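J.: Below: one structure in structure tokens.
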Amino acid sequence: MSLVKSIAAGVALAASVLASQANAASTFAPAAPLPFELVNLRTTVDSCAFNPDTVHVVNTGTVIQVRMRDNNCLVAGTPKQVDIRLGAFPIGHYSVEVAQAGGEPERLQFSVIPRVSIAVVPPPPFPLTDYSGVWWDPSSPGWGLTIHQSPLDTIFAALFEYNEGVRAAPTWYTLQSGQWISSTTWMGRIFRTANPPLEVQDLGLARLEFDVPPPDGAPAGLRWGRVTFTRPGGTIVNAFITRQSS
């Protein structure tokens, strides 16, 4: 009987330790987000009780609420960290409540801080929105442009296309090391990459424009941009692009 009690006490102690680890204080990633940088709630959960299908994020205007319901587990699972997307926010102070059924909500705060800028007269141009995403021309499937715009508005893009002919093969280009020359136009270097054998070729300058009239016959309701660069051999590419919605 005493052996059974000892085992039961040991299981209870282990469950208590795991539960206390799972209830460790949550944090934010990044800890000091920049304006409109994606903010995640990083929290430690019980791997058995945590049910990601029940997680909901609600913004009430003054408080961001993270609501979740646990699975019914008899024995605590291994603690694990999960990231829950809260969103991207302008400069300001924000409160977050993490509510789980049957427990007191965890209350936290984070601040979105202005990015440090060097005083330059006149100030350099910067974009007013985030152009990250997959861009393409629906009338020309088989190629596209993937754009990543960082919180500091630097651009890295990868363009892929297929060569014509029987032995079609993908060709990759990367756009990098550039700057904004207006709030809707970016200019930087473009490099062609081929493999095998590995070959990287600097093709000069590329231009991304995000505020151009749509091409003739384009579907209504889409915002169009344009990518311009020169292929090896001197062929100029001047392609209309629109952001892929899904």
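For every residue, the table says whether it meets (1) modelled with pLDDT under 90; (2) outside any strand (DSSP E or B); (3) of a type in the set (Phe, Trp, Tyr).
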| residue | (1), (2), (3) |
| --- | --- |
| ALA12 | yes, yes, no |
| VAL39 | no, no, no |
| VAL45 | no, no, no |
| PHE50 | no, yes, yes |
| VAL66 | no, no, no |
| ASN71 | no, yes, no |
| GLN81 | no, no, no |
| TYR94 | no, no, yes |
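J.: Quick one: would you say ARG85 is assigned to a strand (DSSP E or B), over 22 Å from GLN149 (Cβ atoms), touching a strand residue (DSSP E or B) at 6+ places or on another chain (Cβ under 6 Å) and among the basic types (Lys, Arg)?
T.: no
J.: A further question on this structure: Among residues belonging to the stretch 167-226 that are more than 23 Å from ASP130 (Cβ to Cβ) and of a type in the set (S, T, N, Q), point out the one that is surrounded by the most Cβ atoms within 10 Å (Cβ to Cβ).
T.: Among them, the one singled out is THR171.
J.: Something else: Out of the stretch 216-246, which residues are more than 16 Å from THR174 (Cα to Cα), out of contact with any Phe, Trp or Tyr (no Cβ under 9 Å at 6 or more places or on another chain) and of a type in the set (Val, Ile, Thr)?
T.: THR235, the sole residue that qualifies.
J.: Report, by residue number, each residue of the stretch 184-198 that is among the small types (Gly, Ala, Ser) and more than 24 Å from THR242 (Cα to Cα). Step through it out loud before you land on a result.
T.: As a first pass, look at the stretch 184-198 and keep what is among the small types (Gly, Ala, Ser): 188, 194.
The one that is among the small types (Gly, Ala, Ser) and more than 24 Å from THR242 (Cα to Cα): ALA194.
J.: Which members of the stretch 70-102 meet the condition of being free of Cβ contacts under 8 Å to residues at least 40 places away in the same chain, closer than 21 Å to ASN51 by Cα and over 21 Å from the mean Cα position of the chain (by Cα)?
T.: Of everything in the stretch 70-102, those that are free of Cβ contacts under 8 Å to residues at least 40 places away in the same chain, closer than 21 Å to ASN51 by Cα and over 21 Å from the mean Cα position of the chain (by Cα) turn out to be ASP70, ASN71, ASN72, CYS73, LEU74, LYS80, GLU97, ALA99, GLN100, ALA101, GLY102.
The values are calculated or read from the model by the stated rules, or taken from the named source; none is laboratory data. Keep in mind that this is a model prediction, so the values were computed, not measured. Here the Cβ is made from the backbone with ideal geometry for all residues, glycine too, and neighbour counts use every protein chain on show.
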